[in-house]
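We did not get these values from a lab; they are worked out from the coordinates using the rules stated. All values derive from a computational prediction rather than experimental measurement. No Cβ is skipped: glycine too gets one built from the backbone with ideal geometry, and neighbour counts run over all protein chains shown.
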Amino acid sequence: MKQDIAPTLLASPATPWRTTAWLLLPVVVLGAILALLIFGKPLERLTADAPPVEKVSIERVRLTPGLITLHIRADGSQPITIAQVQVDAAFRLFTISPPGPIGRLGTARIEIPYPWIDGEGHKIVLLSSTGAPFERTIDVARATPAWDVPTLTLLALVGVLLGVAPVATGLLAFPALGSLSTNGMRFVLALTVGLLAYLFLDTLHEGLEQAGRALERLRAQAAVWVSLLIAAGALTMIGRRGGRVPEGAALATFIALGIGLHNLGEGLAVGAAIAAGEAALATFLVIGFTIHNVSEGFGIAAPLVGRRPRLITFIGLAALAGLPAVPGVWIGAQAVSPFWMALCFGVGAGAILQVIVEVTGLIVRRDGRAALLTPASIGGVAAGLAIMYVTALFV
Amino acid sequence: MVTTSKRRLLLGAGAGAVAGAIATPAAAGLAMRSALAQAVPPASGMHGQGHGAGHGTSGGDNLVVGTVDHERNGFDPHTILTDWDVGEASTDSQGRKTREWVVTAVDKEVELAPGLMFPAWTFNGRIPGPTLRCTEGERLRVVFNNGSKHPHTMHFHGIHSWRMDGVPYAGLVQPGERFVYEFDAKPFGCHLYHCHALPLKRHIHKGMYGTFIIDPDPARHPEAAAVAESRLLGSPRNAEWQEIMICMNAFDTNFDDENEVYAANTIPFAYQQKPIRVERGRKLRIYLVNITEFDPINSFHVHGNFFDYYDHGTTLTPTSRMVDTIMQCQGQRGIIEMDWSEHEPGQYMFHAHQSEFAELGWMSHFEVV
């Protein structure tokens with residue numbers, strides 16, 4: 001069948017130049033349409049008197065002693081000029097680089113010398129040349145953590161406490177899992193699916209929330225879904241290359257990778273809390289995420305039951321799942337553009353989706369399709385979701 | 001004492017863009033004050049060291065960046081201080097004096113702060129509109145041409161017939177049309193005129209207002225002829241005074257019914273960047289008008305001196321004596337009289353005592369010489 005259809009649908013393989021020519025045709029036509037729109041200006045009557053549309057997103061705010069630094073991204077029907085800057089309802093001297101108007105989706109850095117006050121709130125307003133104000137509120141001003149060795153070490157410690165320690169703790173349950181009955185093991189695998197399902201929803205939610213803060217034209221929410229699907233597809237493809245489904249250490253590795261990307265996100269959250277002056281909250285966040293993440297180690301250990309993994313495997317898995325929290329804290333503390341954070345969460349959600357599919361597949365292969373609807377499976381998924389929800393209350 | 005701190009360098013960087021402003025005495029003074037500022041505390045890591053920078057040093061950075069192109073605007077806030085528009089005066093056969101002005105409404109883009117363009121509606125292409133000045137008892141004719149795309153009026157504060165009131169039902173002028181407002185100049189005082197077309201807030205805050213001064217006729221006030229004469233423009237006693245007009249106004253640049261920019265005579269910090277020169281030998285009289293929209297009151301406060309105040313300017317004896325701050329509600333106005341004769345020459349600040357207004361542009365200086 002396949003061989004019959006192929007020649008009729010595709011251009012003859014004997015004449016590749018003809019295929020190329022036919023592919024070029026739509027490109028040429030597209031070019032002609034664009035040229036007509038740009039140079040012919042058929043819509044000019046519609047847009048000539050239209051007032052300019054201006055959008056500016058203040059993507060990053062950095063506070064250093066006596067100085068506020070903003071990274072902004074502009075979007076509009078024409079380049080946007082930041083004419084003046086107000087801080088706390090007062091005009092302030094500032095410098096902008098590069099100077100001059102900011103083109104569509106272009107970025108600029110604004111430096112405002114200002115005696116901002118530690119622990120207090122400030123409000124920044126950028127006035128464009130048309131008088132449109134773009135506002136950013138700093139709820140609690142704290143110095144942005146410096147990018148030096150002592151600070152990075154301290155922040156890395158936060159990341160390790162947050163990511164590696166609880167995952168490793170969870171992995172300690174591995175010997176106990178080995179003594180479980182078939183039903184007990186099914187429950188544990190279903191529990192893993194439940195844990196992962198919670199993390200999936202949580203990561204996706206974070207991603208969409210960050211995406212909402214990005215400039216509209218970047219369509220960050222679509223980017224979250226696209227990166228999610230591409231990541232899930234790519235990881236599934238990699239996991240199943242050579243026609244084998246991932247099991248045992250391979251599956252554990254994929255679970256660790258998905259959880260690692262999730263923990264990168266948790267690191268970002270803690271780092272951002274520190275940068276946002278919520279250091280008191282950061283302690284709670286670390287405690288909460290630590291309790292929360294112990295169950296993750298549990299999930300990673302599940303596919304290894306019945307095998308004899310080496311110690312180094314456990315160490316590697318703990319590192320893979322936990323260490324991404326370290327760069328997460330570093331980056332989060334520096335305040336990153338919401339678009340990149342959204343993309344990162346999208347990839348993380350995709351990675352988790354992949355392992356949910358694979359662990360569910362493992363249950364089916366072990367005990368048959370009907371096993372998914374047994375009390376052990378449903379109870380396991382429900383327990384996994386419930387555990388994550390309850391421990392999330394500590395965060 | 002004067003060390004080049006990091007902060008000073010930062011100010012220098014900002015001032016680089018304000019080349020025009022830095023040449024003026026005010027900006028030089030500010031730069032000096034800033035140089036005396038405390039040094040920035042050493043860079044801290046995660047734990048902020050109390051304040052981001054020293055206390056009491058921020059005044060020098062409370063400015064706009066760049067300079068306004070007054071030539072393109074077609075008016076200069078320094079000229080507006082004193083450019084009394086006395087119109088065309090004539091005397092009829094009965095000896096009655098008539099004064100006539102021609103005022104045109106113009107839609108115009110005005111640069112408020114440097115680089116900040118505002119789609120204004122104006123009288124004669126300037127904000128505030130021409131300062132119309134006349135003498136008590138004269139017959140006044142104001143020929144109003146509407147060159148704007150919107151209907152407008154000229155509503156004068158004064159005593160006149162309802163027919164000449166310049167409100168939607170009397171004296172509303174459609175685009176391209178004209179109307180002549182005619183009434184007697186009374187009562188003497190410091191008044192204003194503004195557009196009273198609807199929606200009223202929009203027509204006012206877009207820039208359609210100006211000061212309207214009626215000087216007292218000394219002959220009608222024998223009990224205080226000398227005082228009245230001192231207010232009469234062009235008289236010998238008036239020459240002993242230095243007179244200026246200040247219109248306290250504000251602009252809502254994004255039309256959300258809140259002001260983004262405050263000023264004395266439209267351009268924020270205009271008299272901060274270049275102070276108003278005051279001679280000690282002559283007393284200072286300020287015709288002060290508040291036409292700020294959205295904020296219920298505005299105020300005037302002077303440093304290092306006190307003054308007498310004549311609310312509405314309709315009396316020849318002060319309504320407040322020895323004050324250094326007065327407030328005016330929307331549309332209120334008055335006359336301030338100040339003596340600098342025994343002061344040390346130098347810069348004396350004056351501004352709205354609503355700190356927010358001051359920091360958003362209503363901040364000024366006298367250069368007493």
Partner chain coverage, peptide A:85-98 - average Cβ within 10 angstrom: 6
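Which pairs, out of B:149/B:201; B:108/B:201; B:186/B:283; A:55/A:123, put more than 22 Å between their alpha-carbon atoms? If you can, show how the numbers build up before the last one.
Numbers: B:149/B:201 17 Å; B:108/B:201 18 Å; B:186/B:283 26 Å; A:55/A:123 18 Å.
Violating the 22 Å Cα-Cα cut-off are B:186/B:283.
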q = 0.18, 0.26, 0.28 Å⁻¹: log10 I(q)/I(0) that the Debye formula gives for the range B:57-132, counting C-alpha atoms only: -0.83, -1.20, -1.28
Size-normalised alpha-carbon gyration radius of the range B:259-369, reference 2.2 N^0.38 Å: 1.03
Amide H partners (placed H, <5 Å) of residue A:67, local residues excluded: A:114, A:116
Cut-off under 5 Å, modelled amide H: who pairs with residue A:84 long-range: A:127
Approximate spin-label separation residue A:109-residue B:85, in nm, with each point projected 7 Å along Cα-to-Cβ: 4.9
Residues of type aspartates and glutamates that residue B:274 reaches as a straight line, Cα spacing below 17 Å, ignoring anything fewer than 8 places off in the same chain: B:61, B:69, B:71, B:76, B:359, B:367
Cα-derived Rg over Rh, computed across the range A:46-115 with Rh taken as Kirkwood radius: 1.04
Cα-based Rg and Dmax for the range A:333-395, where Dmax is the largest Cα-Cα distance (Å): 16.4, 49
Fraction in percent of alpha-carbon pairs per bin - 5 Å, the range A:99-157: 4, 12, 15, 20, 15, 16, 10, 5, 2, 0
The range A:131-160 versus the range A:316-395: alpha-carbon centroid distance in Å: 27
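Round to the nearest 0.05 the FRET efficiency obtained for residue A:250 and residue A:378 when R0 = 25 Å and r is the Cβ-Cβ distance. Before the final figure, lay out the partial values.
Working: r = 27 Å, r/R0 = 1.07.
Using R0 = 25 Å, I get an efficiency of 0.40.
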Shielding of A:125-134 by partner chains, average beta-carbon count, 10 Å: 5
Equivalent ellipsoid dimensions for the range B:71-185 as semi-axes, Å, which come from the Cα gyration tensor, largest first: 27, 18, 11
The range B:130-176 and the range A:172-247: distance between their alpha carbon centers, rounded to Å: 74
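What Kirkwood hydrodynamic radius, in Å, does the range B:93-143 give when the mean of 1/r is taken over all pairs of distinct Cα atoms and then inverted?
Working: mean 1/r = 0.0758 Å⁻¹.
For the range B:93-143, the Kirkwood estimate is 13.2 Å.
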Net charge dipole size for the range A:199-287 [Lys, Arg +1 and Asp, Glu -1 on Cβ; Debye, nearest 20]: 460
Integer Hz, Karplus 6.51/-1.76/1.60 couplings in order for the range B:211-221, x for Gly and Pro: 9, 10, 10, 10, 6, x, 8, x, 5, 8, 10
Per-selection metrics, chain A (Cα): Rg and Dmax in Å: 26.2, 78
Paramagnetic reach from residue A:176 in the range A:231-258 [backbone N under 17 Å; point 7 Å along Cα→Cβ]: none
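What share of Cα pairs, in percent, lie more than 15 angstrom apart in the range A:160-237?
Details: 2186 of 3003 pairs.
Percentage above 15 Å: 73.
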Pairwise centroid distance, computed over Cα atoms, of the range B:267-281 with the range B:187-236, Å: 23
The range A:225-380: radius of gyration and largest Cα-Cα distance (Dmax), Å: 16.9, 52
Average beta carbon contacts from partner chains per residue of A:60-70, 10 Å cutoff: 4
Rule-of-thumb Rg ratio for the protein assembly as shown [Cα; 2.2 N^0.38 Å; N residues]: 1.32
Translational diffusion of the range A:176-305, µm² s⁻¹ [Kirkwood Rh, Cα pairs; Stokes-Einstein; 37 °C; 0.692 mPa s]: 197
Kirkwood-based shape ratio for the range B:211-277, expressed as Rg/Rh from alpha carbons: 1.19
For the range B:94-249, projected area of the alpha-carbon convex hull averaged over all directions, nm²: 10.6
Label-to-label distance, nm, for residues given as residue B:71 and residue A:23 (7 Å Cα→Cβ offset): 5.9
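Rank these for me by crowding, A:337, B:320, A:97, going from fewest to most other beta carbons within 10 Å. Provide the component values of the computation, followed by the final result.
On the way: A:337 20, B:320 14, A:97 9.
Final ranking by Cβ density, sparse to dense: A:97, B:320, A:337.
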